[in-house]
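First up is the structure itself, then whatever we jot down about it.
The values are calculated or read from the model by the stated rules, or taken from the named source; none is laboratory data. Keep in mind that this is a model prediction, so the values were computed, not measured. Note that we place each Cβ from the backbone using ideal geometry, even for glycine, and neighbour counts take in every protein chain shown. Ligands, DNA and RNA are excluded from the accessible area calculation, which covers all protein heavy atoms including side chains. Shrake-Rupley method; radii C 1.70, N 1.55, O 1.52, S 1.80 Å.
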Amino acid sequence: MRKFLKNGSLSGLVALLTFVLFAISILFVLLNGAGVYRRLTQRDQHSYDNRTCAQYVATKMRQAPSPTAISADTFGVVDSLLISQNIEGSEFVTRIYCYENWLMELFTLADGDFLPEDGEKILPLGSLSVSQDGTVFSFVLTDTEGNTQHLKISARGGDSQ
């Protein structure tokens, strides 16, 4: 009987060690997978933010009532894209600019006295540079990590008002 107990506890100990080794392996794989997943989602979010900023600017330009309603200017000390439109006899302007690491939009009366901090935060963005050459607009979008994206858009189409 003693021999049976000795062999029984040895096989039980081997089974327990095998289980512990298996559990540690599973834990290692899960922790490693979670780290990989976190890095992938951060990369995807960063890529999404960059594409969305560029698409936002392009869409706003396409929504302009006419190519002549779009211009580049400064707003405070930052570059901005201005889109003018006449609504029921009053001139309004939409300003798109970067302020304090945010892509911002401000829709106001054209002759209103507003500051860059009055706009609505749209997406995180490090800086925005806007230049105009006739109807071609050049944008340099820099994300919060310093990566730049160059974008050229030609103002076209729209109904003349």
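Listed values, structure above:
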{"quantity": "Pairs where the first residue, in the range 75-90, is at positive phi and the second is surrounded by 12 or more Cβ atoms within 10 Å (Cβ to Cβ), C-beta under 9 Å, 6+ apart", "calculated": "Gly76/Tyr97; Gly76/Tyr99; Gly76/Pro116"}
{"quantity": "Residue match in the range 126-135 (condition: within 20 Å of Lys152 (Cβ to Cβ), at pLDDT below 90 and in contact with a Pro (Cβ under 7 Å, 6 or more places away or on another chain))", "calculated": "yes"}
{"quantity": "Only one of Ala64, Ala15, Ala58 that is part of a loop (DSSP other than H, G, I, E, B), open to solvent by less than 70 Å² (accessible area, probe 1.4 Å) and either more than 30 Å from Pro116 (Cβ to Cβ) or among the hydrophobic types (A, V, I, L, M, F, W, C) (or both)", "calculated": "Ala64"}
{"quantity": "The range 132-142 - residue that is assigned to a strand (DSSP E or B) and open to solvent by 60 Å² or more (accessible area, probe 1.4 Å) and, of those, farthest from Val78 (Cα to Cα)", "calculated": "Asp133"}
{"quantity": "Inter-residue pairs, beta-carbon under 8 Å, first outside any strand (DSSP E or B) and in the range 115-129, second of a type in the set (Phe, Trp, Tyr) and open to solvent by 70 Å² or more (accessible area, probe 1.4 Å), 6+ apart", "calculated": "Leu125/Trp102"}
{"quantity": "Failed item in (1) surrounded by fewer than 11 Cβ atoms within 10 Å (Cβ to Cβ); (2) over 23 Å from Gly126 (Cβ atoms); (3) within 28 Å of the chain's Cα centre (by Cα), with Asp44 passing the rest", "calculated": "(2)"}
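Table: residues versus (1) within 24 Å of Asp133 (Cβ to Cβ); (2) open to solvent by 20 Å² or more (accessible area, probe 1.4 Å); (3) small (Gly, Ala, Ser); (4) under 21 Å from the mean Cα position of the chain (by Cα).
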site	(1), (2), (3), (4)
Ser71	yes, yes, yes, no
Tyr99	no, yes, no, yes
Trp102	no, yes, no, yes
Glu105	yes, yes, no, yes
Asp118	no, yes, no, yes
